[in-house]
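The values are calculated or read from the model by the stated rules, or taken from the named source; none is laboratory data. This one's a predicted model, so the numbers in the text were calculated from it and none came from an experiment. Here the Cβ positions follow ideal geometry from the backbone for every residue, glycine too, while neighbour counts run over all protein chains shown. Surface areas here come from the heavy atoms of the whole protein model, side chains and all, with no ligands, DNA or RNA. Shrake-Rupley method; radii C 1.70, N 1.55, O 1.52, S 1.80 Å.
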Amino acid sequence: MIDDLNSRYGLSPTHSEVVEACKIIEPCDTLDMGCSNGRNALYLGQLGFNVTAIDNNPGAIDMLQSISIEEKMGNIKAQVYDINNASLSEDYAFITCTVTLMFLDPARIEAVIADMQQHTLAGGYNLIVCAMSTEEHPCQVPFPYTLKTGQLREAYEGWQLIKYNEDPGTMHNGAKLQFATMLARKPG
Ligand SMILES: C[S@@+](CC[C@H](N)C(=O)[O-])C[C@H]1O[C@@H](n2cnc3c(N)ncnc32)[C@H](O)[C@@H]1O
């Protein structure tokens, strides 16, 4: 089982939306934005995706590099990078950004999303999962940034929305926390 690798290294299971996305996206050049110590990058790597994994936490990147060397996974490249720079240098067929946007500088979100879109190949995919704060469910976690109703959908106008929802979930303390979940395909 693929998640055995994550548990062997004490990592959480792969994000469920990454697992779902991999049911329709073929292995390709992929960027994992805010990869932490690599639960999603390792999953993608095992499926044969060619993964660039970026995070501004050098400790997390060191750990992912050590695991990929130990496991001889030459298709995972882990790099320290500040996503707020919004200055990607390569293009990808799949960019995944799960539960990361809400930790970024709010003033940089527009530029970060525009940069992701620009560096996605025609026909390629963006996966975003991000916390929201709405009138119905004000976010009770002090994230620097949260999305508003419909905001992510608007940012991806012109892309094919393969999946889009703004569903509330329940946190361990019983509080409702709303997330925007989107898998979008860039026009070919
Ligand atoms: C909640 S974790 C999500 C990790 C991963 N995407 C996942 O689904 O497990 C958020 C990650 O974003 C990273 N991060 C926060 N701000 C960042 C920034 N400005 N540039 C790069 N990474 C950042 C953190 O270091 C952390 O690893």
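Summing +1 for each Lys or Arg and -1 for each Asp or Glu, what net charge is found among the other residues whose Cβ lies under 15 Å from the Cβ of residue 168?
Values: positive: 148, 176; negative: 135, 136, 166, 167.
Residues close to residue 168 contribute a combined charge of -2.
Report the semi-axes of the equivalent ellipsoid for the chain in whole Å, largest first, where each axis is √(5λ) for an eigenvalue λ of the Cα gyration tensor.
The answer is 25, 20, 16 Å, longest axis first.
Can you give the net charge of the other residues whose Cβ lies under 14 Å from the Cβ of residue 148, counting K and R as +1 and D and E as -1?
Details: positive: 153; negative: 110, 135, 136, 154, 166.
Taking every Cβ under 14 Å from that of residue 148, the sum is -4.
Can you sort 8, 108 by solvent-accessible area, 1.4 Å probe, largest first?
I get 8, 108, largest accessible area first.
Starting at the first residue of region 180-188, write each ³J(HN,Hα) from the Karplus equation 6.51 cos²θ - 1.76 cosθ + 1.60 with θ = phi - 60°, in whole Hz, x for Gly and Pro.
Once rounded to whole Hz, the list reads 8, 10, 9, 10, 10, 10, 6, x, x.
Given an 8 Å cut-off on Cα distances and at least 6 residues of separation, report the relative contact order of the chain as a percent.
17
If amide H atoms are built 1.01 Å from N in the plane of the peptide, which residues on other chains or at least 5 residues away come under 5 Å of the amide H of residue 162?
Amide H neighbours of residue 162, under 5 Å, 5+ apart: 183, 184, 185.
Taking every DSSP beta bridge that has both residues in region 4-185, what percent is antiparallel when rounded to the nearest 5? All intermediate terms of the calculation are to be shown ahead of the outcome.
Details: 15 of 35 bridges.
Counting only bridges with both partners in region 4-185, antiparallel ones make up about 45 percent.
How about residue 186: which lysines have a C-alpha closer than 23 Å to its C-alpha, ignoring those fewer than 8 places off in the same chain?
By straight Cα distance, residue 186 reaches 23, 148, 163.
Ignoring everything but the protein chains, give the 1.4 Å probe accessible area of residue 29 in square angstrom, nearest 10.
70
Please work out the average accessible area per residue across the chain, using the 1.4 Å probe convention, and give it in Å². Intermediate values should be presented prior to the final figure.
Working: 9100 Å² over 188 residues.
On a per-residue basis, the chain sits at 48 Å².
I'd like the Karplus ³J(HN,Hα) series for region 136-144: coefficients 6.51, -1.76, 1.60, θ = phi - 60°, whole numbers in Hz, and an x wherever there's a Gly or Pro.
Ordered by residue, 3J(HN,Hα) equals 5, 10, x, 5, 9, 9, x, 5, x Hz.
For the chain, which whole-number percentage of the solvent-accessible area (1.4 Å probe, protein heavy atoms only) is attributable to carbon and sulfur atoms? Working shown, then result.
Numbers: 4380 of 9100 Å².
C and S atoms contribute 48 percent here.
Under 18 Å Cα to Cα from residue 72, which lysines show up? Leave out anything in the same chain fewer than 8 places away.
none
Once you've got the GNM for the chain with C-alpha springs shorter than 10 Å, pick whichever of 127, 88, 101 has the biggest mean-square fluctuation.
Of 127, 88, 101, the Gaussian network model singles out 88 as fluctuating most.
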